[in-house]
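A short write-up of the structure that comes next.
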Amino acid sequence: MKHTFMITLSILMFAAAGCTTNKHFYTADGQCITCWNNPLTGEPLNHSGTAEKKKTVSQTKGVTDQTKESSQHSRRTPKEGYQVEFSVPVNVNLAFVRLKKEFNYYTEQEIRSEYGSQSMANAKIQTFSYAYDAVPSTYYHMRSYRKHDGYLMTIDSMITLQNSQESLITVTYWPRDFSLDPVEVGKSLKQRIHKALKI
């Protein structure tokens, strides 16, 4: 019962993130997963209904044709996340160990140990590109700015218990290079994770 409550709470907090930050999360095929509508009227509650729709790949390529300063600013502050989600036949704790190693994710204690300085560690922990939260044997949430297929991007991994031998993997990613096809990035991230999990 407690585990079910924690999983439900985690999912609700993740979904609410789009509401509180005005940065919505999208699946690779463009479905907004944090946009909420009034169930009775169908009117948008936490989005405008039109202005926040996912940019198509051709639209994002057009952004790179703008001034260099504008493009560099957009790359520093990503506004759209893309997502892939899939189940794996791997225990949640083993999946955590292998994905942590694959993406070189750090816990808060590891950040503090590496940076030494309290103020530098706090600054790192408070950036968008870092997250770490866990309830062992139930779920693990890790985020970091990492290289994938030669491109730097923020990669967020959520590993959630489904049963003793299965886990749900949810990967949200923010490519900095707008020329990348987010669907292809999602496919290659999934392949990388399968390889890391030895499945």
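With a Förster radius of 35 Å applied to the beta-carbon distance between HIS148 and ASN91, the computed FRET efficiency rounds to 0.90. Let's test the formula: R0 of 35 Å, r as the Cβ-Cβ distance of LYS187 and SER119. What FRET efficiency results, to the nearest 0.05? Calculated value: 0.30. Beyond 25 Å in Cα-Cα separation lie the following of the pairs LYS124/LYS198; LYS124/LYS195; LYS124/LYS187; LYS147/LYS187: LYS124/LYS198; LYS124/LYS195; LYS124/LYS187.
No lab work stands behind these numbers, since they all come straight from the coordinates. The structure presented is a predicted model; accordingly, all values stated were derived computationally and were not measured. Cβ: placed from backbone, ideal geometry, glycine included. Neighbour counts: every protein chain shown.
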